[in-house]
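Below: the structure, in structure tokens.
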Amino acid sequence: MRDVHIVVGVAAIAVNLVATALGAWCWRAGRSNPWFWRVLRSGQALVVLQAALGGVLLAMGRKPGHLHVLYGLLPLLISFLAEQFRAASAQMVLDRHGFRSAQEVGKLPDAEQRGLVAAIIQREVGVMTLGALVVVVLLARAAQTAG
């Protein structure tokens, strides 16, 4: 079971690192890519699996250091918080442009609507890319503190 935990941990780091790189490229290009979201969601699933495997090892009597557990669980929190910030991104962009709701944006010409949508997507990609980067750092620290 410990070996599976290690393999899933390495995979979680690698997939989240790919998501970070792909997300940075998408953010820089100012557009979204379905592959970014697929890789990102795969990385998040691996983080959940990794934490679950760690929980099984704990239940089996394995005693890792406290820092290892902390660094292993924080990626779950970071992923959750990144999702919350992503969900708030649209309203932040609307607020910055002086709109109270998406319905007000619907009254704009198509080109301006597309511009606002692009700004929202870019912010969402940026938030999730930073979240994936933090997850990579935390998982790497978890690996370093493993017993």
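Readers should treat all values here as calculations from the given coordinates under stated rules, not as data from a laboratory. Being a predicted model, the structure only gives us computed values, none of them experimental. Because the Cβ atoms are built from the backbone with ideal geometry, glycine has one as well, and the counts that use them run over all protein chains shown.
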| request: Could you please tell me which pairs satisfy a Cβ distance under 8 Å, a separation of 6+ or placement on different chains, a first residue in the stretch 20-35 that is exposed (fewer than 12 other Cβ atoms within 10 Å of the Cβ), and a second residue that is hydrophobic (A, V, I, L, M, F, W, C)? | output: 30/118
| query | Which residues, counting only those in the stretch 36-62, are within 18 Å of residue 2 (Cβ to Cβ) and free of Cβ contacts under 8 Å to residues at least 40 places away in the same chain? | reply | 46, 51, 52, 55, 58, 59, 61
| remark: The residue from 100, 123, 114 that alone is assigned to a loop (DSSP other than H, G, I, E, B) and over 30 Å from residue 7 (Cβ atoms) is 100
| Set 64, 75: member being assigned to a loop (DSSP other than H, G, I, E, B) and not aromatic (Phe, Trp, Tyr) | 64
| note | Filtering the stretch 52-73 for residues that are within 23 Å of residue 134 (Cβ to Cβ) and of a type outside the set (Phe, Trp, Tyr) leaves a count of 13
| field | Total residues in the stretch 121-147, condition surrounded by fewer than 19 Cβ atoms within 10 Å (Cβ to Cβ) and farther than 17 Å from residue 80 by Cα | value | 8
| note | By residue number, the members of the stretch 74-120 that are surrounded by fewer than 16 Cβ atoms within 10 Å (Cβ to Cβ) and within 21 Å of residue 133 (Cα to Cα) are 77, 80, 81, 83, 84, 87, 88
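Take residue 50 and tell me if it is of a type outside the set (Lys, Arg) and buried (at least 17 other Cβ atoms within 10 Å of the Cβ). Write out each step before concluding.
Details: of a type outside the set (Lys, Arg): yes; buried (at least 17 other Cβ atoms within 10 Å of the Cβ): yes.
The answer is yes for residue 50.
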